[in-house]
Amino acid sequence: MRTGMPTMKTCQMLLEELGRAPRPLRAEKLAFAGVGGRDVYNISAPFEDQGDWVIAGRVEERDSEQSEVYFFVEREGTWVPREGAPVFALQDPFISRVHGHLVFGGVETFPHPMLRGMLYWRTVFYRGTTLHDLTPFFTGPDGMKDIRLVELQDGSVGVFTRPQGKKGGRGKIGFTRVGSLDELTVEAIQDAPLIHGQFTDEEWGGVNEAHLLANGLVGVLGHIACFDQERNRHYYPMVFSFNPDTGEASEMELIAARSHFLDGPAKRPDLADVVFSGGLVRKGNGTADFYAGTSDAEAQKLTIVDPFTKYERKG
């Protein structure tokens, strides 16, 4: 692992590095049905629940952001809603496992308390032994997305945060740790120190999924984003390794760009170059399947070289 502060890199610098890296191996669109023709995007990676492999996905009409999260299972090549599974009025679902719990979360929107006609958001968390007994246990600070949890090697819980505004600008990554899920508090999240050297003030990013690696480091899957001069949004999937004991992070690197995926529609023209990092399944053979939302309209899977293997070698 690198020592000292990582070099702060912009989206453009990271894209140039990506252009010199090996290309992803294969791209594939995921087919969904059973949701009335609505779009399914910003999916989780598949996770196991009671013998099924399940994907959580954001479901909504193309011209709306009124979103629901469904849980899908694959049947004859198509992902369909799992019978009897709950449906949540949330956006951008994520899954982790902490201390034997299945932890599910997403972004809840609600009327902004001060800006009339505008929406505000917060991250909400549920836990259970299966999808069928999920119960709410924590609500993050108003205005914060991209809170992610990971069980660390010593048994504590790592918490990645993403403050905005005075502390985080357009969005920077923080980290803290707590002893258990029951010790999560809004104050702990708000007080989490930032990981320095990751984003310029004009750009932003966050964590989408955190993997405990074999050497105790955390492999982070996230995103870095920026606007162009026409105010189009550009979101790129990135990774880095993080040492929860020292607070050191490796330099970020991109694992893909929108051009590596199959062509498809966009929710709006300004979202055409958006890749939402959903989740990563490490396959144990040097490759990984990267699950992502593309252009806020579709879900795709990209087979890539496992980006976390080199971090485990550095331990």
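None of the figures in this text is laboratory data; all of them are computed from the coordinates on show. For clarity, every value in this text was computed on a predicted model and none was experimentally measured. We place every Cβ from the backbone using ideal geometry, glycine too, and count neighbours over all the protein chains shown.
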Query raised in the report: Using the Cα gyration tensor of region 96-191, with a ≥ b ≥ c the square roots of its eigenvalues, what is the shape: rounded (a/c below 1.5), prolate (a/b larger than b/c) or oblate (neither)?
Result: oblate
Requested in this report: Determine the alpha carbon to alpha carbon distance for each of Lys267/Lys301; Lys29/Lys166; Lys167/Lys283; Lys145/Lys283; Lys9/Lys267; Lys29/Lys167 and list only those over 30 Å.
Outcome: Lys29/Lys166; Lys167/Lys283; Lys29/Lys167
**Report entry** Net charge of Cβ neighbours under 12 Å - reference Asp52; Lys, Arg +1; Asp, Glu -1
**Finding:** -2
Report task. Tell me which label goes with the value of mean projected area of the Cα convex hull in nm² computed from the coordinates here: (1) 17.9; (2) 15.9; (3) 14.9. Result -> (2)
**Report entry** Most mobile of Tyr70, Tyr126, Tyr235 in a GNM of the chain (Cα contacts under 10 Å)
**Finding:** Tyr126
Report summary line: Inter-part gap, Cα centre of region 90-134 to Cα centre of region 142-171, in whole angstrom, is 14
Query raised in the report: Sequence-distant or interchain residues sharing an amide H contact under 5 Å with Val274, placed H: which?
Result: Tyr235, Ser295
Query raised in the report: For the chain, modelled as a Gaussian network with Cα springs under 10 Å, which listed residue fluctuates most, Ser250, Ser241, Ser277?
Result: Ser250
Query raised in the report: So for the chain, taking the charge dipole from beta-carbon charges (+1 Lys/Arg, -1 Asp/Glu), which of Tyr291, Ala33, Leu15 sits furthest toward the positive end?
Result: Leu15
Query raised in the report: Using 0.36 nm per residue, how much length does the chain from Arg26 to Leu262 gain when fully extended, once their Cα-Cα distance is taken away?
Result: 84.0 nm
Report task. Evaluate the charge dipole of region 11-313 about its Cα centre and quote only its size in Debye, nearest 20, assuming +1 on the Cβ of each Lys and Arg and -1 on the Cβ of each Asp and Glu. Result -> 220
Query - Gain on full stretching of the segment that runs from Asp191 to Ala89 - 0.36 nm per residue minus C-alpha separation - result: 33.9 nm
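Arrange the following residues from fewest to most other Cβ atoms within 10 Å of their Cβ: His112, His223.
His112, His223
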Report task. Please get the size of the charge dipole for region 101-223, origin at its Cα centre, with Cβ charges of +1 on Lys and Arg and -1 on Asp and Glu, quoted in debye to the nearest 20. Result -> 340
Requested in this report: Specify the residue with the greatest mean-square fluctuation among Glu28, Glu248, Glu203, computed from a Gaussian network of the chain linking alpha-carbon atoms under 10 Å apart.
Outcome: Glu28
Query raised in the report: Taking neighbour Cβ counts within 10 Å as the exposure measure, how do Asp142, Asp201 sort from fewest upward?
Result: Asp201, Asp142
Requested in this report: Sum up the charges of everything whose Cβ sits under 11 Å from the Cβ of Gly216, counting Lys and Arg as +1 and Asp and Glu as -1, but leave Gly216 out.
Outcome: -3
Report summary line: Once normalised by the length of the chain, the mean sequence separation of its alpha carbon contacts under 8 Å that are 6 or more apart gives a contact order in percent of 19
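Which value in deg cm²/dmol, rounded to the nearest 500, describes the helix-derived mean residue ellipticity at 222 nm for the chain, given -39,500 (n - 2.57) per DSSP H run of n ≥ 4 and division by the residue count?
Values: 3 runs with 19 residues, N = 315.
Calculated at 222 nm, the ellipticity per residue is -1500 deg cm²/dmol.
So how do Glu253, Glu60, Glu16 line up by other beta-carbon neighbours within 10 Å, fewest first?
Glu16, Glu253, Glu60
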